Structures are given as structure tokens and as C-alpha cells.
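Below: one structure, written as C-alpha cells.
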Amino acid sequence: MTSVPAAELSSYIGKELGRSDWLTIDQERINQFAECTGDHQFIHIDPEKAKLTPFGTTIAHGFLSLSLVPKLMEGIMIMPTGLKMAVNYGLDSVRFIQPVKVNSKVRLVATLTAVTEKNPGQWLLKAKVVLEIEGSEKPAYIAEPLTLCFV
């Protein structure tokens, strides 16, 4: 994570902050997400039935791939100097473009799009993130996460 004085955050608007490392989405991760959420739809957890679908294999839950945003942004997001804590403030938009097939490698590309001082010592950062799938021209999704930073 890069740390800059809060007054300089706006100079990063429109700049790509970086790309995460690749992460493999294996069946164990998908199954664990199904257990946590109660979403046991066959397309996620039954390889034999999933073979008969247009995808030909199991796919990650859309919300599983979206839940990776904090982890994948960890090393690339910019934060104000003196950060005491940062919290998920929500999302302005999410569009799932294509599914993530089991054993695919994904990575996140982040661009800072807005910085707002909500209150003294509270900065709201908006980013555009794209989850790339290795070997695919289309991303898994494009989203706009919001992070509230307390300094």
C-alpha cells in the first residue's frame, strides 16, 4: 500500500494504481464460499453437472470474485498518510462481464477515480477496479468500490 499526504490524494485521480498478483480460483475456494453463503447451485459445486452447461465446468460465484477486492487491492491501493483505519463504504456500481471458470487465474487492476473529504480526517476514495482473467480479453467484472479512510 502506498501512503501519501491526504492533500496529495487528488493528484492520483485518473491514474492506474497498479495490478495485483495473479490468484488461482480453485474448486476448494469455490466450495468454501458456497458453504459460507449457502449458495450451493450446481454450476459452482458439481463438476459433472457443470460439464453439461455452456461453460463446460464449474464457475466461481460472482460475489466470490467480488469479495476478493479488498485482498487484491491490498498492495496497490493508495491511502492517506497517518491512516488509522479504512472501512468498506460500499460500491457505486458492479457489472459482471463473464464468469470465472474453476482454476482460472485472476488479477485486479485499480484506478483512483475520486477523492472526497467527508469530514475532517475522513477521506472517501473511489476506485474503478477490473478483475482480469488470464488469457481472456474480457474481464470478469468492472466495479467501483468506495473506501472510507480515517486519519
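Where a number appears in this text, it was derived from the coordinates with a stated rule and is not lab data. Since the model is a prediction, treat every value here as computed from it, not as a measurement. Every residue, glycine as well, gets a Cβ built from its backbone with ideal geometry; the counts of neighbours run over all protein chains shown.
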| task | Name the most mobile residue of V94, V130, V69, meaning the one with the largest mean-square fluctuation, in a Gaussian network model of the chain with Cα contacts below 10 Å. | result | V94
| So what is the 222 nm mean residue ellipticity for the chain from helices alone, if each DSSP H run of at least 4 adds -39500 (n - 2.57) and you divide by all residues, rounding to the nearest 500 deg cm²/dmol? | -4500 deg cm²/dmol
| said: Once you place label points 7 Å from the Cα toward the Cβ at L124 and E16, how far apart are they in nm? | reply: 2.8
| field | In range of the label at E35: residues from the stretch 72-109 whose backbone nitrogen is under 12 Å from the point 7 Å along Cα→Cβ | value | none
| request: Determine ³J(HN,Hα), in whole Hz, for all residues of the stretch 32-45 in sequence, where each value follows from phi through the Karplus function 6.51 cos²θ - 1.76 cosθ + 1.60 and θ = phi - 60°; x replaces Gly and Pro. | output: 5, 5, 4, 5, 5, 9, x, 8, 9, 4, 4, 4, 9, 10
| Local electrostatic count at G18 - Lys and Arg +1, Asp and Glu -1, tallied over other residues with Cβ under 12 Å | 0
| request: Mind pulling up the Rg/Rh value for the stretch 90-151? Radius of gyration and Kirkwood radius, both on Cα. | output: 1.11
| said: Multiplying the sequence separation of F150 and F42 by 0.36 nm and subtracting their Cα-Cα distance, what value in nm do you get? | reply: 34.7 nm
| task | Calculate the all-directions average of the projected area of the stretch 1-73's alpha-carbon convex hull, and give it in nm². | result | 6.9
| task | Mind scanning K49/K126; K84/K128; K15/K51; K84/K138; K105/K126; K15/K71 and naming the pairs with a C-alpha gap bigger than 29 Å? | result | K49/K126; K15/K51; K84/K138
| field | Computed over the chain, Kirkwood Rh from alpha-carbon pairs, angstrom | value | 16.4
